[in-house]
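Input: a single structure, listed below in structure tokens.
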Amino acid sequence: MQIAIAKEIELEERRVAVVPELVAKLVKQGLQVTVASGAGEGCYYSNQAYTEAGATISTDTIQMWQNADILLKVRPPQSSELQHLKPGSTVISFLDPLGKPQLIQELSQRRINGFSLEMMPRTSRAQSMDALSSQAAVAGYQAVLLAAAALPRFFPMLTTAAGTIKPAKVFVIGAGVAGLQAIATARRLGAIVEGFDIRPAVKEEVQSLGAKFIEVPLQEDTAGANGYAKEISRSAQELTQQVIGEHVKTADVVITTAQVPGKKAPLLVTEEMIAQMQPGSVIVDLAAEQGGNCAGTQAGRTVQVHGVTVLGVANLPSEVSVHASQMYSKNICTFLQYLLKDGQLNLDFTDDIISSTCVTTGGEIRNDRVKSALIPVNA
Ligand code: NAD
């Protein structure tokens, strides 16, 4: 079984799918591992480190893809890369199946088994393979550091001979994986933190991190499947916006992380709310790539809106490439072990982890949500 580890070719992508430490474990289990030359450069792992772990280094990318039985990657492969994979081979990666349905169609046309890590169920059994969550935690941490660097104020309270400095007020909207890590990080930096979410189930988690939970009593069920949220009604949205507005205007930093999987990000922070913030305040919009939770957000850019700095951040895990890669490696290698039996792929579709993550096999698209995403494309 030939396992190939790709070099990421997307601009600004510094992560690698498997770090040398985990390569050594795969090799120990009798798998042959080939790593594209320079794959670990963005996170400071040399070719030599991979060789010492027992991998072969390939300088011929096309040949490596052609020989691969299983290809491990971080970002969805591009068409120019996919064309080199042989029919019957397997790709395990983020595949963005709802955002890139054409890629999924191509995988199925090429009879490649596609496993999308985004589709991993959020269950305790699958927790160690949940790369979306591990990377969201990295993003939540990094969002706070970026906010602290952009804010022309201190985060902690300081008592100095030059006077007492009040701590910054941070408001985190959306207390899922990224939001909770943002709350924890802002607390560690000494800020006063408030957290809001439409799912009341997260109240205790927010409070246990030392933050205040902002409650809005909604008369509807907001919890969807697998620990994710459901989209809320228009009236519930209006109610939450009134409450959000009150807290945004007194915050020095707002970090937005609200999402409902497969939907455009809900617009929660309006331009009127921003206009009421103190000039110099900072908003970090983690949902920028899904359309943004905040008016004026531009994905991948920093803009000024009424004197407030709005960071439309993209791919923050790549900025913490060493630890993000270590965490991703652990997730993807645990998943790989899960798929293998006696060194061969063992696809038992009665298993919810395999059946949720496998988006293409034997020339078919398996996932109904992905099939629906393809309808407008094919039309
Ligand atoms: P998550 O599903 O764990 O958390 C999202 C939270 O938003 C949930 O707790 C949900 O209840 C809440 N929510 C949904 N609708 C809401 C509303 N109207 N008001 C308030 N809260 C609401 O997701 P996550 O893994 O924490 O990711 C959060 C966001 O960060 C996503 O948009 C994700 O794509 C993005 N993200 C960005 C980066 C980056 O580098 N920019 C990296 C990772 C994740």
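So which of Asn378, Asn346 is open to solvent by 10 Å² or more (accessible area, probe 1.4 Å) and closer than 20 Å to Pro97 by Cα?
Values: Asn346 fails: closer than 20 Å to Pro97 by Cα.
Going through Asn378, Asn346 in turn, the sole match is Asn378.
In the stretch 155-171, how many residues are in contact with a His (Cβ under 6 Å, 6 or more places away or on another chain) and among the β-branched types (Val, Ile, Thr)?
Within the stretch 155-171, residues that are in contact with a His (Cβ under 6 Å, 6 or more places away or on another chain) and among the β-branched types (Val, Ile, Thr) number 0.
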Quick check on the stretch 232-288: of everything there that is modelled with pLDDT of 95 or more and among the charged types (D, E, K, R), which residue is most open to solvent (accessible area, probe 1.4 Å)? Glu272
It is to be established whether one or more residues within the stretch 270-290 are within 16 Å of the ligand (Cβ to nearest atom), out of contact with any helix residue (DSSP H, G or I) (no Cβ under 6 Å at 6 or more places or on another chain) and either within 20 Å of Phe115 (Cα to Cα) or in a loop (DSSP other than H, G, I, E, B) (or both). yes
With (1) in the same structural domain as Gln32 (by TED's automatic domain parsing); (2) open to solvent by less than 30 Å² (accessible area, probe 1.4 Å); (3) within 16 Å of the ligand (Cβ to nearest atom) as the list, and Met327 as the residue in question, which single condition is left unmet? (2)
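Here's the yes/no breakdown for (1) within 12 Å of the ligand (Cβ to nearest atom); (2) under 25 Å from His306 (Cα atoms); (3) of a type in the set (Ser, Thr, Tyr); (4) touching a Cys at 6+ places or on another chain (Cβ under 8 Å):
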residue: Ala225; (1), (2), (3), (4): yes, no, no, no
residue: Tyr228; (1), (2), (3), (4): yes, no, yes, no
residue: Glu231; (1), (2), (3), (4): yes, no, no, no
residue: Val243; (1), (2), (3), (4): yes, yes, no, no
residue: Glu246; (1), (2), (3), (4): no, yes, no, no
residue: Thr250; (1), (2), (3), (4): no, yes, yes, no
residue: Val253; (1), (2), (3), (4): no, yes, no, no
Please count how many residues of the stretch 104-117 are buried (at least 20 other Cβ atoms within 10 Å of the Cβ) and assigned to a helix (DSSP H, G or I). 4
Inside the stretch 301-313, can you point out the residues that are part of a loop (DSSP other than H, G, I, E, B) and either among the polar types (S, T, N, Q) or in contact with a helix residue (DSSP H, G or I) (Cβ under 7 Å, 6 or more places away or on another chain) (or both)? His306, Gly312, Val313
How about the stretch 177-221: which of its residues are away from the ligand (no atom under 11 Å from the Cβ), in a loop (DSSP other than H, G, I, E, B) and either touching a Phe, Trp or Tyr at 6+ places or on another chain (Cβ under 9 Å) or basic (Lys, Arg) (or both)? Leu189, Gly190, Ala191, Glu215
For Thr350, only one of the following conditions fails: (1) touching an Asp or Glu at 6+ places or on another chain (Cβ under 9 Å); (2) in a loop (DSSP other than H, G, I, E, B). What is its number? (1)
Go through the stretch 76-98 and give me each residue that's in contact (Cβ under 8 Å) with a residue 60 or more places away in the chain and open to solvent by 50 Å² or more (accessible area, probe 1.4 Å). Gln78, Leu98
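The values are calculated or read from the model by the stated rules, or taken from the named source; none is laboratory data. Here the structure is a predicted model, which is why all the values come from computation and not from measurement. Please note: Cβ atoms are built from the backbone with ideal geometry, for glycine as well, and neighbour counts cover all protein chains shown. All accessible areas refer to the heavy atoms of the entire protein, side chains included, with ligands and DNA or RNA removed. Shrake-Rupley method; radii C 1.70, N 1.55, O 1.52, S 1.80 Å.
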